[in-house]
1. Compute, for the stretch 234-286, the length of the dipole vector about the Cα centre, with Cβ point charges of +1 (Lys, Arg) and -1 (Asp, Glu) only. Units Debye, rounded to 20.
2. What is the extension gain from residue 53 to residue 263, computed as 0.36 nm multiplied by their sequence separation minus the C-alpha to C-alpha distance, in nm to one decimal?
3. Quick one: length gained pulling residue 323 to residue 252 fully straight, 0.36 nm per residue minus the C-alpha distance?
4. If you bin the C-alpha pair distances of the stretch 92-350 every 10 Å from 0, what whole percents do you get?
5. Ranked from highest to lowest mean number of other Cβ atoms within 10 Å per residue, what is the order of the peptides 175-183, 123-131, 103-111?
6. Determine the alpha carbon to alpha carbon distance for each of 394/421; 150/250; 256/359; 29/421; 99/122; 250/394 and list only those over 24 Å.
7. Using amide H atoms built 1.01 Å from N in the peptide plane, name the residues 5+ places from residue 198, or on other chains, whose amide H lies under 5 Å from its own.
8. In nm, give the distance between the simple-model label positions of residue 217 and residue 230, each being 7 Å from the Cα along the Cα-to-Cβ direction.
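Values quoted throughout were computed directly from the atomic coordinates according to the rules given, and no laboratory measurement underlies them. Source: prediction; values computed, not measured. We place every Cβ from the backbone using ideal geometry, glycine too, and count neighbours over all the protein chains shown.
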Amino acid sequence: MLKRRQAMSKLHKSEGDINISPRREKWQKAHIDAESRAMLDEDARYFLKQSLSTPCLNTMRACEGIYIEDMQGRRYMDFHGNNVHQVGFANPDIINAIKNQLDELPFCTRRYTNRVAVELAKKLADIAPGHLNRSLFCPGGAEAVGMAVKLARVATGRHKTVSMWDSFHGATLDTISIGGEAVFRQDIGPLLPGTEHVPPPDEYRCVFGCSDRGGCDLTCANYVEYILEKEGDIAAVISEPIRSTPYIPKPEYWQKIRRACDRHGALLIFDEIPHALGRTGKMFTFENFDIVPDIVVIGKGLGGGVFPLAAMIASEALDVAGDRAMGHYTHEKSPVGCAAALATIKYIENHNLVEHARKLGQHALERLRAMKDRYPVIGDVRGLGLFLGIELVKDRQTRERAFDEAEAVLYAALSKGLSFKLTMGNIITLTPPLTITREEMDRALDIIEECINEIENRK
């Protein structure tokens, strides 16, 4: 039993920090008052327990801009935000758009359409590159991924997919089958057949040993084409163009796979749910790689950090399922959700947040690289726009993951007013709102360096 618990503990680290660690308990004892503790106890009493979500860390009473605020009045810069906060929390433009829509048309019955839903579909067709001009909406990202896979099956007459190990596409049965994180797949039972998996592009920890050969030689991309050729009946390659670690492949990687999909009759589906809409310095992440997929899936930030909404945007050529139900969701054309999305896109465009993310991300990455030179515990830093990662290691030569050190930095940073997510157990991921100022970014990076310095000095 002990060995199993230890094994599961390692699996849980793939998605985030361990919610039941001694360090978390210590932090809570030092920072949580009686009122907050009572609410946490109530939460534990009435919600089903599940890994990664329970027990909860703290309680929230407010959020605004880049900040969240707990019940004790402490404010934290939120560099996690579940990736919904591109335009900041409680953005007045989004709130007003939702309020106005509630007065005009709060719900649209299925089989009917409405003005704001059509406007959103048209806007997505306008901003999406190339032939991506047909949309379907749904409440969440997992549902959008499911629609994309169903459409690929109908369009190709095939059912198999190729996806990446360690990827995340949602927590429904179909999306965990496609995804590659053990914490979601473990002991669930039979998953969807035909879901092939390949190692992801990861020059820092390449399973093909590319770093030993002097750098990435696209062996991982060649392997994808090898599977496409050998299987012969793959419907789609589905992947995050940039993993949330974040590992950023060479443009040649996706260009090679784009060509391979075309040669072997497979579609290319990109899951951009966490980072579309400007986070990487482009409106769509795949624009950084000079290719266009057949389908792109977006969500999270699409609802302006308020309303749950996702979208599948597909090529005109894939409008081939008129006699099937790809989604058919009750809130498929939610006027309120569509109003929030339109206001979000408008705000991003009017405030030039895409370019802001690109420039501020460059500044942050330069600071992180300088930090890496000063602290041996930092094995690697990487990023694109305001999508940044710091990988902590025990030894730069062995690249052994520094789980304990990363967790120590997390709770030290929380004590100083900065919240972020740990991925893979040792990677500090930084995804602030695109509305963040340079001064706020510098303050957050100062906190991270202070915490890393404290950890280094304890050795």
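1. I would put it at about 180 debye.
2. Here the answer is 71.4 nm.
3. 21.8 nm
4. 7, 31, 35, 20, 6, 1, 0
5. Listed from highest to lowest mean packing, they are 175-183, 123-131, 103-111.
6. Too far apart for the 24 Å limit: 150/250; 256/359; 250/394.
7. Long-range HN contacts for residue 198: 163, 164, 165.
8. 1.9 nm
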